[in-house]
Amino acid sequence: MRPRIRLLIPAVFALLIMAVIFAPVGDSSVTIRQELEAGAPAGGSVHDDLVCGMRVGEGIRLESGGGLFYFCAERCRELFVADPERYLVRACVVCKSEGKRTPVSERDGFAASWQEESVLLCSAPHRAAFLEDPAGFFLHSMWGIPSWLYYTCIALVMLLSFGIIERRPKRRGARALPMAGESPASSPRFDLMNIGILSWLFSHRGLRRSVRAFMALAFVGVIAAGLFGNQLPGKNVAPLLTWTIWWCGLVLIILFAGKAWCTICPWDALAGFAERVLSFGGRPLRLGLRWPKLMRNIWPATLLFIALTWFELGFEITLSPRATAYMGLAMFGLAFVSLLIFDRKAFCRYGCLVGRISGLYALFSPVEIRARDQDACASCETKSCYRGNDEGMACPTHQFLPTMEQNTYCISCLECVNSCEKDNVSINLRPWGADLERLHKPRSDEAYLALTMLSLSGFHGLTMTKIWQQTTSWIGEALAIGHSAAFTLGMVAITLAPIALYAGLVWLAKVLARSGSVSFRDYFIRYAYALLPIALFYHLAHNSEHLLMEGQNVVALASDPFGWNWDLFGTASWELPPLTSLPTLWLVQVILILVGHVYSLWVARQVVSSMSLDRWSSIRSQLPMLAAMILFSILSLWLIKQPMEMRSSAM
Amino acid sequence: MRSLARPGLIAFLAALILAPGSAEAHHIMGVPHYAYSEEYPQTPVLTYKVLAGRYDLRMMGYPGKPKPGETCTLSVVIQERESRETFPGKVYLTVREDVLVGEDPIIYGPMEALWEDGVFKFSPNLPKEANYIVRVHYQADGAPWDIDLPMTAGDPGSPLATLGIYLGALLALVIIVRAIRIKLDRRAAAEAKE
């Protein structure tokens with residue numbers, strides 16, 4: 001592919017996402033844009049799919065027995081047509097969750113309600129079971145991709161894999177690494193600082209501070225809503241904004257704007273603001289200690305990531321506004337305490353799970369901050385980009401711009417843009433995966449985080465399927481332990497399994513390479529980076545389901561963020577259909593997974609090119625990795641094939 | 001896990017993990033729901049119905065949500081489902097405080113019920129603002145039955161206390177850091193003079 005064309009790939013993807021959201025699908029579907037233009041009559045075009053329980057637009061419908069019914073997908077319509085009575089007669093929701101169907105009537109049923117929805121139960125114990133966890137019965141199960149699409153994609157994965165392995169590296173042996181700050185010949189760059197208005201925007205500290213202040217205020221608002229607002233998750237903006245919109249939006253930001261989230265991070269902004277306010281008499285408050293040597297790696301962030309996942313999924317924090325707020329407060333607390341005790345922004349550098357996850361993903365991102373001219377840096381005596389001056393702070397994460405070769409630890413604070421006395425900082429657009437094309441300093445802690453991200457993003461998807469519920473029940477019964485213990489054991493097993501499998505395949509790669517020049521450790525660390533695109537694009541594919549199917553609820557919640565029956569913007573009663581239809585979502589998901597797979601294959605080729613291996617050794621050593629990538633991509637496809645327990649009805 | 005809203009969260013979750021699953025030999029009906037009669041013009045009444053073996057059990061609490069320290073009345077009616085005859089045996093009540101960390105302390109009972117016209121009556125006092133688990137215990141058909149009912153006194157779910165502790169802890173840290181900083185500055189100034 002011509003180098004310049006690679007610069008356009010992110011833009012093409014951005015257009016695709018916009019097309020998904022705004023383009024009408026089918027002959028009579030209602031898109032979010034049409035809803036907004038029509039003034040969004042409350043509930044005017046939103047209906048319940050009687051088969052799966054999803055809130056849907058008017059895309060797929062059926063006129064039957066004088067009634068008009070709407071469905072999320074053809075599969076639901078077919079099921080309805082086959083046995084309409086099954087879905088028209090009221091049945092006990094607890095029995096339904098157990099796979100049974102017990103018709104109930106107003107006369108002999110046990111009534112219960114939750115979030116203004118009424119249900120009938122067949123018995124008092126089932127009513128009790130319902131009221132113990134009503135949200136669980138309002139989750140709807142959304143169809144995964146159909147089998148034909150699943151098998152087609154597996155075939156495509158195989159074809160792409162073997163197509164790329166056949167395209168052997170053109171040059172054998174190690175390639176000379178580029179000099180610091182030098183762009184590899186195959187990776188074009190476009191300096192955004194050459195555009196006047198953008199240069200002004202990036203170097204305007206006041207503007208940055210204003211955006212950070214806005215984000216900090218929004219964060220305080222979300223925390224207040226979570227703590228003091230209505231504790232029904234569907235009535236409170238905190239869970240939806242945090243777990244559905246932010247968590248998915250974060251990956252989208254990385255994919256198109258690199259580490260921009262860190263630029264506007266509210267935890268850091270609030271911590272910095274609090275520190276300044278509490279610095280009486282202008283004296284700095286912080287102790288400025290060096291971060292402990294033993295912890296100068298990203299293991300703290302990795303452990304925090306595992307802990308957060310355990311809390312989030314094991315204890316249903318996503319459905320608890322208050323617990324969500326406590327998680328936010330905990331992150332702010334960690335940032336603030338670290339700021340008080342340690343030098344610069346040690347928490348961002350070593351401890352912040354969001355910063356480190358986005359840091360690894362940002363190896364893939366299309367934006368970078370780099371020194372423009374190495375000669376200018378060589379003649380610089382002040383090194384103000386690192387040390388800071390009156391114009392800009394010292395680099396908060398100890399990055400030295402002239403030698404900074406990858407995005408991982410840059411938090412895009414843009415202070416170096418201001419502090420550089422030679423106006424030598426460029427903000428480049430670059431192709432996706434540019435940092436992965438040349439791994440400058442592969443590290444074991446980063447490799448383990450990459451593998452953990454791969455494991456946990458898959459685990460995240462798995463926990464929303466029925467299979468996971470059955471698995472935890474089975475573990476609990478087999479070992480006579482409670483749900484939490486069964487969940488924890490299952491999580492440990494599923495987190496470790498892909499890492500163990502990967503280690504086994506790396507060992508095989510080393511054996512097959514028959515070359516003593518590369519150690520097992522080198523293989524293990526370097527190939528782990530090749531799995532990052534699979535993790536990133538699966539993360540996006542999974543979360544796009546939440547964002548596109550549930551994200552629209554934020555329009556109503558923006559008017560009533562605390563669930564106190566406010567109507568700030570007149571949208572509190574709006575009921576909008578999902579942002580896209582289910583078939584379109586499936587298409588987007590499989591495209592994302594295939595793109596991730598292709599990029600992983602490409603990175604693996606770059607990795608093997610950087611090793612001192614002869615032609616056949618490099619091909620043989622790639623084969624186990626090829627198997628790993630095919631396996632992980634098929635696993636990703638299998639996960640999106642499973643019916644997914646969605647949060648929208650509960651949120 | 002809706003009640004993560006307290007200090008000691010980590011210890012509690014660790015305890016949850018370490019705790020074995022329920023393996024008691026007798027019947028425990030689990031934590032049931034309860035409902036307030038919202039339309040009732042007076043103090044809310046707690047009502048609960050459950051099928052327990054061949055008996056129907058109905059429990060009513062008045063007031064349904066007592067103030068801390070207020071004595072409430074719990075009435076339990078246990079009837080054989082077919083014949084509607086009142087349960088002939090003894091019924092006991094235990095009230096435990098529902099704490100996040102450690103074993104729930106018993107704050108009332110086990111107390112035998114006062115029997116009045118087919119109703120088993122208890123008068124527990126819920127001493128402080130907290131969540132409680134009220135357990136009705138009886139023997140029927142040769143097996144013990146435990147029915148758990150959650151009750152609340154006051155508004156223990158308020159996050160203000162937690163928020164206060166959180167902000168207090170941060171403030172305490174600021175003061176300590178400030179003190180250390182002043183000491184370090186003074187030492188540096190003294191060394192500079194020397």
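We did not get these values from a lab; they are worked out from the coordinates using the rules stated. Keep in mind that this is a model prediction, so the values were computed, not measured. Note that each Cβ is placed from the backbone with ideal geometry, even for glycine, and that neighbours are counted across all protein chains shown.
Figures for the structure shown
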quantity: Nearby aspartates and glutamates by direct alpha-carbon distance to A:LYS293 (threshold 15 angstrom, same-chain neighbours under 8 apart not counted); calculated: A:ASP343, A:ASP445
quantity: Backbone N within the stretch A:244-262 under 16 Å of label point (7 Å from A:MET18 Cα along the Cβ vector); calculated: A:253, A:256-257
quantity: Among A:633-639, B:184-190, the order from most to least packed when residues are scored by Cβ within 10 Å on average; calculated: A:633-639, B:184-190
quantity: The stretch A:508-587: relative contact order as a whole-number percent, Cα under 8 Å and 6+ apart; calculated: 23 percent
quantity: Overall form of the stretch A:484-630 per C-alpha gyration tensor (a/c, 1.5; a/b vs b/c); calculated: prolate
quantity: Cross-link partners of B:LYS65 among lysines (Cα-Cα below 23 Å; sequence separation of 8 or more within a chain); calculated: B:LYS49, B:LYS121, B:LYS128
quantity: Rounded if a/c under 1.5, otherwise prolate or oblate - the stretch A:348-406, Cα gyration tensor axes; calculated: oblate
quantity: Coil-residue trypsin sites (Lys or Arg not before Pro) of the stretch A:443-533, DSSP, other Cβ within 10 Å capped at 15; calculated: A:ARG443, A:ARG514
quantity: Rounded FRET efficiency, nearest 0.05, which uses the C-beta distance separating A:ARG296 from A:ASP191 and R0 of 41 Å; calculated: 0.80
quantity: The stretch A:566-623: chymotrypsin sites (Phe, Trp or Tyr not before Pro) falling in loop per DSSP and having at most 12 other Cβ within 10 Å; calculated: A:TRP566, A:PHE569
quantity: Computed E for A:ILE591/A:LEU287 - FRET, C-beta separation, R0 60 angstrom, nearest 0.05; calculated: 0.75
quantity: Loop-located GluC sites (Glu not before Pro) in the stretch A:398-457, at most 16 other Cβ atoms within 10 Å (DSSP); calculated: A:GLU421
quantity: Cα-projected label distance for A:GLU132 with A:TRP616, points at 7 Å along beta-carbon direction, nm; calculated: 6.5 nm
quantity: Under 25 Å from the Cα of A:LYS466 - lysines, other chains or at least 8 residues apart; calculated: A:LYS96, A:LYS100, A:LYS641
quantity: Evaluated over the protein assembly as shown, the Cα radius of gyration and Dmax, each in Å; calculated: 30.2, 99
quantity: Simple label model, 7 Å out from Cα along Cβ direction - B:ALA161 to A:PHE162, nm; calculated: 6.7 nm
quantity: Ordering of A:50-60, A:85-95, B:82-92 by packing [mean C-beta count within 10 Å, highest first]; calculated: A:50-60, A:85-95, B:82-92
